[in-house]
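Encoded as structure tokens, the structure appears first; notes follow it.
The values are calculated or read from the model by the stated rules, or taken from the named source; none is laboratory data. This one's a predicted model, so the numbers in the text were calculated from it and none came from an experiment. Glycine also receives a Cβ, built like all others from the backbone with ideal geometry; neighbour counts cover every protein chain displayed.
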Amino acid sequence: MRRSLFLVLAAAMLSGCAGFGEPNAPGLPVPASAARRKPAEVPIVGGCQIFPADNWWNEDISKYPLDSRSSQYIAALPGNLHPDFGQDPHYGIPFNVVPSTQKRVPVTFYYKSQSNPGPYPIPPDAQIEGGRNATGDRHVLVLQRGKCTLFEMWDAYPRDGGRRWHAGSGAIFHLNTNKLRPNGWTSADAAGLPILPALVKCAEVKAGAIDHALRVTFSETQEGYIHPATHYASDSRDPSLPPMGLRLRMKASYDISHITGQSHVIAVAMKKYGMFVADNGSNWYFQGEGGKASSCWNDNDLDQLKNVPGSAFEVVKTGKILRITGP
């Protein structure tokens, strides 16, 4: 999927953000929209609550007002939904859950100025997106039990049998807070967002409910972001293109009565929680759990969603577009 992301890295460094390497350094306070949020069924993964109930990821947006540019955005985003995961274990994004006692190992980063420094609690056999020999994004996601801290890396490679790692970028998220990354900072995702909270997970689909927003990619995006995103990955000022952090919702009027099984659970979540624009990639691709858990998926079932057009969605208003400008 990646990555025009770092073409704007130099400009972002001029933004006067918080000091380098500070995990989840205070960005901005929770926005005023939090006041209208209602308590949610907060997702639990590995015994950890995935952010507070009033966090952006957990908010019910089914009643949120439309963005004034909703129709223009949707017109600029051709295509149908596409589950970017399935039965193939090399498809989708896996995550690793480790104990609080997991040994931390050194990690170095190519883009270290916007990466939270190591060490990270990465197990020697950590699952890597696409597998050990993958040439794609190679995300590595690690959730530490007990401490409920999330460590995420992009373009990650083990060294010395996993005794140390090197990655393009990395981010640490403490799951008990709503604090954002500093404005202008990326993460393991182009938008500066966490990845694990956005994945469609086997356990929640089996349970019959997804209680959080998803992530989606588009081939062209705008030079700007809307919180909780903190970073953009484009140099285009075309106002019809989506900024990072734009939130899309499946229309209440779109009939999903013919959609069954796993796909129905996902469609319901898209109506209630929607999707954040999180990265550059193929239009309308949304991500789910991969790796060892992939055997839980039914490709024939998921293929139902490939018939859902982009026109089944609309854009909700969640905040203003922010930009980082140079001198």
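Quick notes on this structure:
- Just one of the numbered conditions (1) part of a loop (DSSP other than H, G, I, E, B); (2) surrounded by 14 or more Cβ atoms within 10 Å (Cβ to Cβ); (3) not hydroxyl-bearing (Ser, Thr, Tyr) is not true of LYS103: (2).
- Residues within region 212-249 that are buried (at least 24 other Cβ atoms within 10 Å of the Cβ), of a type in the set (Ser, Thr, Tyr) and touching a Lys or Arg at 6+ places or on another chain (Cβ under 9 Å), tallied: 3
A quick yes/no check of all residues on (1) at pLDDT 90 or above; (2) out of contact with any strand residue (DSSP E or B) (no Cβ under 6 Å at 6 or more places or on another chain); (3) not small (Gly, Ala, Ser):
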residue	(1), (2), (3)
PHE20	no, yes, yes
ALA32	no, yes, no
ARG36	no, yes, yes
PRO39	no, yes, yes
CYS48	yes, yes, yes
LYS63	yes, yes, yes
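- Unmet criterion (only one of (1) buried (at least 17 other Cβ atoms within 10 Å of the Cβ); (2) over 18 Å from the mean Cα position of the chain (by Cα); (3) modelled with pLDDT under 95) for ARG2: (2)
- Flag if ASN183 is in contact with a Ser or Thr (Cβ under 9 Å, 6 or more places away or on another chain), more than 20 Å from VAL105 (Cβ to Cβ) and surrounded by fewer than 23 Cβ atoms within 10 Å (Cβ to Cβ): yes
Condition check ((1) touching a strand residue (DSSP E or B) at 6+ places or on another chain (Cβ under 7 Å); (2) without any contact (Cβ under 8 Å) to a residue 24 or more places away in the chain) across all residues:
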| residue | (1), (2) |
| --- | --- |
| THR135 | no, yes |
| THR149 | yes, no |
| MET153 | yes, no |
| GLY161 | no, no |
| GLY168 | yes, no |
| HIS174 | yes, no |
| THR177 | no, no |
| TRP185 | no, no |
| PRO194 | yes, no |
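- Tally of residues being farther than 24 Å from HIS227 by Cα and either within 19 Å of the chain's Cα centre (by Cα) or not in a helix (DSSP H, G or I) (or both) across region 269-315: 9
- Residue check for ALA252: among the aliphatic types (A, V, I, L, M) and surrounded by fewer than 20 Cβ atoms within 10 Å (Cβ to Cβ): yes
- Considering region 109-126, the residues that are in a loop (DSSP other than H, G, I, E, B) and buried (at least 21 other Cβ atoms within 10 Å of the Cβ) include one that is modelled with the lowest pLDDT, namely GLY118.
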